[in-house]
Amino acid sequence: MATAKKAASVKKSAAGPALEAPPAVHVLSPAQLQIQAFERAVRHFSAQNFAEALAAFTEVTKGPAADVSQRARSYIQVCERRLAAPSMEFRTADDHYNYAVERLNVRDLDKARLHLASALKLQPRGEHILYSLGVCCGLAGDGNAAYENLKLAIEIEPRNRLQARQDSDFAVAAESFPNLRSLVEG
């Protein structure tokens, strides 16, 4: 009887591995790999490691997704400027505005809002500044400030309403803030 059990266990172990399915392996597409590389590059950029970010974004541009490559090229330009100019001096409203938009793009909302406010002090009727400040406030969850800034931007330049309708960042904020939605839909 002991030999019968032993023979059965040998048959089981011999058949066991052949019947097991290999583990599922999920292979990422080249576009998915490109997006992951882009996200890593943005992390370097956000940490202000511009040399590493520049190298990472350069690799991203070689991927198949044209829209991701284009966004990476925009970051490359910023990295190159940052590496060429060791310190940033903010003298004009445009200096503050451009830096704020860069911070807004990487969702550094506190710095973006600070520099947009500084730009607005230098150029109080800058409709593009008001519009961007509205976006920033909306993303930060401040619906009232988003509404007020966008309202002023639209009063100065009515085309900002159409721009806001097409802006995915305003669409997200408009879902949470009915007054902003009514202003955008106007």
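For the range 93-185, the share of alpha carbon pairs falling in successive 10 Å distance bins from zero is 20, 54, 25, 0 percent.
Estimated translational diffusion coefficient (Stokes-Einstein, Kirkwood radius over Cα pairs, 20 °C, 1.002 mPa s) of the range 30-84: 203 µm² per second. In this label model, Thr92 and Ala117 are separated by 2.4 nm, measuring between points 7 Å along each Cα→Cβ vector. Between Ala55 and Ala140, the C-beta separation translates, for a Förster distance of 30 Å, into a calculated FRET efficiency of about 0.45. For the peptides 124-134, 152-162, the ranking by mean Cβ contacts within 10 Å, running from highest to lowest, is 124-134, 152-162.
Placing +1 on the Cβ of every Lys and Arg and -1 on the Cβ of every Asp and Glu, with no other charges, gives the range 26-123 a dipole of roughly 100 debye about its Cα centre. Applying a DSSP loop filter and a limit of 10 other Cβ atoms within 10 Å to the trypsin sites (Lys or Arg not before Pro) in the range 54-110 leaves Arg91.
Computed from the coordinates by the stated procedures, all read-outs in this text should not be read as laboratory data. Since this is a predicted model, take the numbers as computed values, not measurements. Quick reminder, even Gly has a Cβ in these numbers, built from the backbone with ideal geometry, and neighbours come from all protein chains shown.
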